[in-house]
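Just so it is clear, none of the values below were taken in a lab; they were calculated from the coordinates. These figures come from a predicted structure and were not determined experimentally. Note that we place each Cβ from the backbone using ideal geometry, even for glycine, and neighbour counts take in every protein chain shown.
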Amino acid sequence: MAERSLEQNGAADRQESGMDVTESASRMRRVRLVSSVALALVSRLTALVVQIVGLPVALSALGAMRYAEFLTIQASFGWFGLAGLGITVALPGFLSAANVRGDEREQRELVLTSLAILGMASLMVMAIVIGLAAIVSPQRLLGLHTDRVSGDFSLSFYIGALFLCARMIVSYVASVRGGYQELHRVYAMSAIANLVVVGLIVSSFRRHAHIWVMFCFMFGPVVALLALDLVLMLNRRRYLVAGDWDMMQTLRRLLPTSLNAVLKQVSFYLMTSGTVVVLVRLVPLKEVAAYGSLMSVLTLIASGFGAVYSPMLAAMANAHSHSDRAWFWRAYLGGIAVTLAGTGFLVVVSFFAGPWLMRLWLHADLGVTRTLCTALSLYFVCWMLSEYHFVVLASMGKLQGLGKIYVWEGIITLGCGGVLASRYGLEGMAVGIAIGAAAFSIFYLPLRAWRIVARDGWETTDPDPLAVGDEL
C-alpha cells in the first residue's frame, strides 16, 4: 500500500509539474503574441504612411504611364517567392517544435537548409530572368509594346528583379524569428525601414523620378535592415551555424509541408499579380494603373491582417507543440471573429466611399468605380479567409493534400476574372475573381480546418514526413 501511495504521489507530482510547464508556456506565448501583434501594427502603420504619402508623390513624379510600368514590373515578378519552395512557410512549425525539445542540431539543420535553398533559388531566378530578357528584351517578356514604354524601362526591369529577389531571401528572417516567437524584432526593423522609405521618396524622388530609383527607395531599406537582423540573430545563436548538418535529410522532412505551401503561393500569385499581368494584355495602361493601385491597397491591408496572422502562426505552432488544445481552439475562434469583422468593415467602406477615397489618396482620377471597389473588397473577404485557414493548418503541419486545392482555387479564380475582363474590363476582372475565390474560401477551407482542429492534429508535435507524391 505504501509503495502504491508513493507511486500515486509521484504521478500527481508529475501531472502537476506538467500543468505548471503548460501554464508557463501559455503565459509566455500570450506575452510574445501580444508584443508581436503590437509591433506588427506599428510596422503596418508605417507601411500605410508609405502608401498614403509616398505613392501619390511617385504617381505625380512618374506620371500614370510610368507608374503603371512600375506596377507591371512588380506584379510580373510576383512569382519569385515560388522559387523558395514554400520553405519559409513550413519552417516556423518545425523550428518551434525543435526549440521546445531543446534540440540544437535539428534547429541548425532547419535554419541552414532553409537558407541554402533560398540562396540557390534566388541565384537561379536571377539567371533565368537575365537570360530570357537578353533573348527577347524585357518589354516583350512582359507583353508590352516597345514603343509605349519609357527609355529606362530595361534598367528598371533588372534593378526591380534584383531587389525582389533580395526581398525573397530576407523573408527568411521573419520565418526563423517566427519559429522562436521573436517576430517583434522583425516588425521593429520593418517599421524603421518604412520610415526611411517615406523620407527618401518625399525628400529626393522628385529630383530623381525614375522607375529604377523607385525600386531602390521602396525595397532597399527593408532588405538592408532585415539582412542586419539576420546577422544579429545568428550571432546570438551561434549554434545555428557552428556544427555539422544534413541538408538532404532535412529537406526531405520539410518538402511534404513546404511543397503544399508553395502551391498555395501559386494560387496567391494567380489571384493578385496574375490578374495584373492578364489586364496588361486586355486594357490600356491607365486602367492597369487603376486596378494595380487598388490591388496595392488590398495588399497593404492584407499585410495588416498579416500583423495578426504571422504572430498567430508562431503562437499556434507553439501551442500545438505543447499539445495545448484549449488555447489553440480559443485562438482559432478569435482569429475567425477578427477576420470577418475587419473584412466586413472594408466592404462597407468600399461601397460607400471607395472611389472618393482613391481620388483623395492619389490626387488623381484613374477611373475607379464603386463596382470595382466593392467587388474587390468582396474578393478580399475570401482572400483573408483563405489566408487565415492556411495559417491555422500550417501551424499544425496539416497542409498535406491542400496544395492542389489551392492551385485549383487560383486557376478557377483567374479564369473567371479573365473571361469577364475580356468582356467587361476592370470591373469584370474584379467580379470574376470574387466569384472564383468564394467557391473555395467560404465553404471548403473553413469546413476542413474546423474538422482538423476539432478532431486531430494533437497526436504529434512534428509533421509526419510522408512521401511527397502521396501528399500532393
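Based on every Cα atom in region 32-459, Rg and the maximum pairwise Cα distance Dmax equal 21.0, 62 Å. Once Lys and Arg get +1 and Asp and Glu get -1 on their Cβ, which of GLY131, ALA193, TYR379 lies farthest toward the positive end of the dipole of region 32-459? Working it through, the farthest residue towards the positive pole turns out to be TYR379.
Dipole magnitude for region 32-459: about 220 debye, using +1 per Lys or Arg Cβ and -1 per Asp or Glu Cβ, origin at the Cα centre.
Projecting the Cα positions of ALA90, PHE219, VAL297 onto the charge dipole of region 32-459 (unit charges on Cβ atoms of Lys, Arg, Asp and Glu, taken about the Cα centre) puts VAL297 furthest along the positive direction.
Over region 32-459, what relative contact order in percent results from Cα pairs under 8 Å that are six or more residues apart? Mind showing how you got there, number by number?
On the way: 598 pairs, mean separation 103.2, N = 428.
That works out to 24 percent.
Once both labels are positioned 7 Å from their Cα atoms along Cα-to-Cβ, the gap between PHE443 and ARG281 label points is 3.0 nm. Between LEU333 and ALA353, the FRET efficiency estimated from the beta carbon spacing at R0 = 35 angstrom works out to 0.70. Shown for LYS404, LYS398: other C-beta atoms within 10 Å of each C-beta, ranked fewest to most, produce the order LYS404, LYS398.
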